[in-house]
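Asks: Okay, here's the structure, questions in a sec.
Coordinate-derived values only; no laboratory data. In this text the structure is predicted, and so the values were computed from the model without any measurement. Glycine gets a Cβ as well: all are built from the backbone with ideal geometry, and neighbour counts include every protein chain shown.
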Amino acid sequence: MNSAMNRIKGKQVLITGASSGIGEACARRFAAAGANLFLTARREDRLGRLKKTLEKDHGGTVRVRRLDVRDRKAVEAFSAEVASEITAPDVLVNNAGLASGLGKFFEGDFEDWDKMIETNVTGLLNVSRFIVPLMVKRNEGHIVNIGSVAGHIVYPGGNVYNASKFAVRALTQAMSMDLVGTKIRVSSIDPGAVETEFSVVRFHGDENKANAVYKGFKPLTGGDIAEAVYFVVNLPEHVNVLEMVVMPTAQRSPFVLHREEEE
């Protein structure tokens, strides 16, 4: 099995939440491999800048669209656009997601809860419901859901975020079962501590709290997770990695993380 071979060149890759973090890193990695991209996010200005950079550095076609995955009608309209322009993506990376708030569930903020459930669960369902049928019709493709170690082990203060990522894990397994008999592969990449804008969003813009999350150890980067996504997609078509948990070397679970003391 030669995973070093580039099986991505010329393929159509659709990535949600591509304006920053893991989504942006995936866009860069797939563009470098010669893929054509369909990138969505809510921040259209960032997508525009990313498009210019990728086309300049790698060539290929980069389409960008502003899309809120929570808006079902907008996702449906977007899927029709995808069908008309590329028929179906070869790869769908369901990356759009977030954490909002960290505290006890009985003190939780309803707005935070709704934002996480509607983005992490309903948004993933919306995109998958409208895009995957295009892949089924062509009987090929690969769905990659960006999960989390939070979908494996609950940690204090995680409650609703944990629940949303447990749901992503269950949906990955369910999608895989429902697609048995097709040539469509389904994978989940489940990161531990990754330093992106994730913690800034979780702490509602408090950068000091966000920075403290990664203090004393070397966290993963968005690029590390993009490499994992690329690896599973680039495997031969008869090979499917259903689930991959990726953590920094300093971290062994949400509870076991070695931090160096500052001198």
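Asks: Show me the ranking of peptides 89-95, 62-68 by mean Cβ neighbours inside 10 Å, starting with the highest. Don't jump to the answer; show the numbers that get you there.
Replies: Values: 89-95: 26.1, 62-68: 19.0.
Listed from highest to lowest mean packing, they are 89-95, 62-68.
Asks: Between Lys104 and Tyr214, what is the label-to-label distance in nm when each label sits 7 Å out along the Cα-to-Cβ direction?
Replies: Each label point lies 7 Å from its Cα, and together they span 3.1 nm.
Asks: Oh, and also: Specify the inter-centroid distance of segment 213-263 and segment 22-48, based on alpha-carbon positions, in whole Å.
Replies: That distance is 20 Å.
Asks: With contacts defined as alpha carbon pairs under 8 Å and 6 or more residues apart, what's the relative contact order of the chain in percent? All intermediate terms of the calculation are to be shown ahead of the outcome.
Replies: Working: 509 pairs, mean separation 54.7, N = 263.
RCO, the chain: 21 percent.
Asks: Another question, then. Mind sorting out which of (i) 0.95; (ii) 1.02; (iii) 1.09 is the real Rg/Rh (Cα atoms, Kirkwood Rh) computed from the coordinates?
Replies: (i)
Asks: I've got another one for you. Taking the chain as a Gaussian network, where each spring joins two C-alpha atoms under 10 Å apart, which residue of Gly181, Gly141, Gly101 fluctuates the most?
Replies: Maximum fluctuation in the GNM of the chain, among the listed residues, is at Gly181.
Asks: Rounded to whole Å, give me the distance from the Cα center of segment 72-111 to that of segment 133-147.
Replies: Centre-to-centre (Cα) distance: 15 Å.
Asks: For the chain, find the longest principal axis of its Cα atoms and tell me its angle to the long axis of helix 72-86, 0 to 90°, nearest 10.
Replies: 40 degrees
Asks: For the pairs Lys137/Lys165; Lys137/Lys183; Lys52/Lys73, flag any whose C-alpha to C-alpha distance is greater than 18 Å. Could the numbers behind the result be given before it?
Replies: On the way: Lys137/Lys165 28 Å; Lys137/Lys183 11 Å; Lys52/Lys73 28 Å.
With Cα atoms farther than 18 Å apart: Lys137/Lys165; Lys52/Lys73.
Asks: Next question. State which stretch of the chain is the longest one without any exposed chymotrypsin sites (Phe, Trp or Tyr not before Pro), exposure meaning a DSSP loop state and at most 15 other Cβ atoms within 10 Å. List each step's numbers first, then the result.
Replies: Numbers: sites that count: Phe217, Phe255.
Excluding the exposed sites themselves, the longest stretch runs over 1-216.
Asks: Here's a follow-up. Over segment 1-65, what is the relative contact order in percent, taking alpha-carbon pairs closer than 8 angstrom and at least six residues apart?
Replies: Numbers: 111 pairs, mean separation 21.1, N = 65.
Answer for segment 1-65 is 32 percent.
Asks: When the dipole is taken about the Cα centre of segment 12-246, and only Lys, Arg (+1) and Asp, Glu (-1) are charged at their Cβ, what size is it in debye, to the nearest 20?
Replies: 320 debye
Asks: Same structure, new question: Going toward the positive end of the dipole of the chain, with +1 on Lys and Arg Cβ and -1 on Asp and Glu Cβ, which of Leu171, Ala33, Val136 do you reach last?
Replies: Checking the options against the dipole of the chain, the answer is Val136.
Asks: Something else: Given the -39500 (n - 2.57) contribution per DSSP H run of 4+ residues, what per-residue ellipticity at 222 nm results for the chain, rounded to the nearest 500 deg cm²/dmol?
Replies: Details: 9 runs with 109 residues, N = 263.
Taken over the chain, the calculation gives -13000 deg cm²/dmol.
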